Amino acid sequence: MSFIQKIAESAKQFGSKAKDLSGKAGDRARDLTKKSSELIEVTKMKHELRKMEKEMENNLAGIGALYYQQQTGRDSVEEELKRLIDSTKELEIEMKDLEDQIKSMQPAPPMCSDCGKELPEGGKYCSYCGKKIIE
């Protein structure tokens, strides 16, 4: 094989490796984009959950105030009390659904097959029982 043919063959191999690398880089970029989109979505969901929790606190405070008014005989508050209780029940269901969605979008941490505890990220051994982590 002549010198020029060797150079041409090396250039071909280099081009092939570069193409493989660019494909892998593209795959990584798509993975990162997907993960960042999921992270943004989870963050939005957590923000919505915090708003629901605040609304729940307000509902419970309102129920307490109305119940107190009812017990002291000041006002007839049955309708408003029922509305707040129904609203709070619906809010509990919505919050549970949102928590389930958030949980399903976040990967579960790896668990030790021996003791069942959460494994440290990047560790070689379980920090609780000492079992070697098999990759």
Rounded tilt (10° steps) of 3-71 against the dominant C-alpha axis of the chain: 10 degrees
Over 23 Å between alpha carbons, listed pairs Lys35/Lys103; Lys34/Lys132; Lys44/Lys96; Lys34/Lys103: Lys34/Lys132
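R0 = 41 Å: FRET efficiency of Glu118 with Gln70, Cβ-based, nearest 0.05? Write down the numbers at each step before the final one.
Numbers: r = 47 Å, r/R0 = 1.15.
Rounded to the nearest 0.05, the efficiency is 0.30.
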On Cα atoms only, tilt of 78-105 relative to the major axis of the chain in degrees: 10 degrees
Given charges at beta-carbon only (K, R positive; D, E negative), |dipole| of the chain in Debye: 1300 debye
Nearest-0.05 FRET efficiency for Gln106 and Lys132, computed from C-beta distance (R0 25 Å): 0.40
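Each value in this text was obtained by applying a stated rule to the coordinates, not by laboratory testing. Because the structure is a prediction, the values reported are computed rather than measured. Quick reminder, even Gly has a Cβ in these numbers, built from the backbone with ideal geometry, and neighbours come from all protein chains shown.
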